[in-house]
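**Q** Once you've had a glance at the structure underneath, I'll fire off some questions.
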Amino acid sequence: MKAVIFDMDGVLFDTEALCMQAWMAVAEKWGLPGMEEVFPQVIGLNRNDSRQIVFRAYGEDFDYPLFREQTGAWFQDYVEKNGLPVKPGVREILEWLKASPYKVGLASSTGEGAVRSHLEQTGLSEYFSILVTGDMVEHSKPQPDIYLLACERLGVEPGEAYAIEDSPNGIRSASSAGMRTVMVPDMIQPDEEMRRLSYIILGDLTQALAFLKQKTEGGN
């Protein structure tokens, strides 16, 4: 194995729960029912594909740009007041990978501007050789495009790379790209499909680091 490619939200940062809070707050203000059922469907999707989920729930005339503007403002206000929540074990695994033979990339359905901002705010930019974001592909997760592009830019075959993911859409994407999927669940716990598509399911990034060390010492 030659590379490790990380998802961002829910893997590096504890932002998926934060995003759900933002969506729920704006939904309450707008009087939208059922957002607690709609939001889990968009986890791991880019803005284009999320829009279609929301349209199916609330109709084609739903003002999606305004909704996302307001959820984004809620999110940004929280981060400015409280900082961006980094997941436990992030710095340790990235530091170890920096000194390892692995190439390291990031493949996030979030837009490039937000990805770069998050990484710069937390001092994590230096750890990633390449970034592939949701606005660089027409269809993001669960389609394989984003991971195929990430592998191409790292110069590795998908079968030579681990994908560290938290969401079902992310696991589907990496698996269909032909990668070895390491699931570290966040908001959505694995079901039978996830157990079938995942190479391994781990509790957190500390366990993921131990797994990579073991694989490295074992020569695979």
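**Q** Identify, please: which residue in the range 170-191 is surrounded by fewer than 22 Cβ atoms within 10 Å (Cβ to Cβ) and out of contact with any helix residue (DSSP H, G or I) (no Cβ under 7 Å at 6 or more places or on another chain) and is, among those, nearest to residue 207 (Cα to Cα)?
**A** Result: 185.
**Q** Let me ask something additional. Are there any pairs with C-beta distances below 7 angstrom linking a residue in the range 51-63 that is on the phi < 0 side of the Ramachandran plot to a residue that is loosely packed, with under 11 Cβ neighbours inside 10 Å, with the two at least 6 apart or on different chains, and if so which?
**A** Pairs found: 57/34.
**Q** Counting only residues that are closer than 18 Å to residue 141 by Cα, open to solvent by less than 10 Å² (accessible area, probe 1.4 Å) and in a strand (DSSP E or B), how many does the range 1-12 have?
**A** 3
**Q** Out of 34, 111, 72, I need the residue that is open to solvent by 10 Å² or more (accessible area, probe 1.4 Å), in contact (Cβ under 8 Å) with a residue 24 or more places away in the chain and farther than 23 Å from residue 164 by Cβ. Which one? Working first, answer last.
**A** Working: 34 fails: in contact (Cβ under 8 Å) with a residue 24 or more places away in the chain; 111 fails: farther than 23 Å from residue 164 by Cβ.
Answer to the selection: 72.
**Q** Residues that are within 23 Å of residue 161 (Cα to Cα) and in contact with a helix residue (DSSP H, G or I) (Cβ under 7 Å, 6 or more places away or on another chain): does the range 12-31 have at least one? Can you show your working first?
**A** Taking the range 12-31 as the starting set, the residues that turn out to be within 23 Å of residue 161 (Cα to Cα) are 12-13.
Next, from what is left, pick out any that are in contact with a helix residue (DSSP H, G or I) (Cβ under 7 Å, 6 or more places away or on another chain): 12-13.
Yes, the range 12-31 contains at least one residue that is within 23 Å of residue 161 (Cα to Cα) and in contact with a helix residue (DSSP H, G or I) (Cβ under 7 Å, 6 or more places away or on another chain).
**Q** Further, regarding this structure: If I ask for residues that are of a type in the set (Phe, Trp, Tyr) and over 18 Å from residue 43 (Cα atoms), which ones from the range 65-117 would you list?
**A** Within the range 65-117, the subset of a type in the set (Phe, Trp, Tyr) is 67, 74-75, 78, 96, 102.
Result: 78, 96, 102.
The values are calculated or read from the model by the stated rules, or taken from the named source; none is laboratory data. On a predicted model such as this, the values are computed, not experimentally measured, just so you know. Heads up, the Cβs are rebuilt from the backbone with ideal geometry, glycines too, and the neighbour counts pull from every protein chain shown. The protein model used for the area step is the full one, side chains on, heavy atoms only, and it has no ligands, DNA or RNA in it. Shrake-Rupley method; radii C 1.70, N 1.55, O 1.52, S 1.80 Å.
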